[in-house]
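Here the structure comes first, spelled out in structure tokens, and everything after it is commentary.
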Amino acid sequence: MCVCMLVGVMGAVVAPLTLLGGPLMMRAAWYTAGIVGGLSTVAMCAPSEKFLNMGGPLASGLGVVFVSSLGTMFLPPTSAFGAGLYSVAVYGGLILFGMFLLYDTQKVIKRAETYPLYAAQKYDPINACMGIYTDTLNIFIRMVMILANGGGGRKK
């Protein structure tokens, strides 16, 4: 039941982005696939569980990105402070959710390795990976926002 609600909410968030057009969405999807594939490979091949120790700083970073996202609703992006808040929300969010992807990937691996063999309930890999799913969608949304605003590069 919880998974269905999460998927419904994320679909309602992503659906309006389709108005930006197919080519932009496809390019954002390819960029997201590259980011997620690369970061997941790094997390899986890391020799130690160093990304599991990032829980506290990631929670603080999520608070900063959340507050900056709220601030962008009240301050116009044409002002200096509003533009700074927008940049923190978009680019900081991209970095933050990339770090969350590293953390969640190692958390899923650790739980799968240390799950008791004779537990009362079997290990559920789908529910264990919901954090990776939400991280991927947040990275995709940020990539769409970056590409919709010109990709951060100069226009000719």
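Observations on the structure shown:
- Taking region 84-127 as the range and being assigned to a loop (DSSP other than H, G, I, E, B), among the hydroxyl-bearing types (Ser, Thr, Tyr) and exposed (fewer than 12 other Cβ atoms within 10 Å of the Cβ) as the test, only TYR118 passes.
- So PHE81, is it more than 23 Å from the chain's Cα centre (by Cα) and not aliphatic (A, V, I, L, M): yes
- The residues of region 107-156 that are at pLDDT 80 or above and among the hydroxyl-bearing types (Ser, Thr, Tyr), listed by number, are THR114, TYR133, THR134, THR136.
- Where a residue in region 74-103 is touching a residue at least 12 places away in the same chain (Cβ under 8 Å) and under 19 Å from ALA43 (Cα atoms) and its partner, wherever it lies, is open to solvent by 60 Å² or more (accessible area, probe 1.4 Å) and part of a helix (DSSP H, G or I), with Cβ under 6 Å and at least six apart: none
The values are calculated or read from the model by the stated rules, or taken from the named source; none is laboratory data. This is a predicted model, so every value here is computed, not measured. Cβ sites come from the backbone with ideal geometry, for glycine too, and all protein chains shown count toward neighbours. All accessible areas refer to the heavy atoms of the entire protein, side chains included, with ligands and DNA or RNA removed. Shrake-Rupley method; radii C 1.70, N 1.55, O 1.52, S 1.80 Å.
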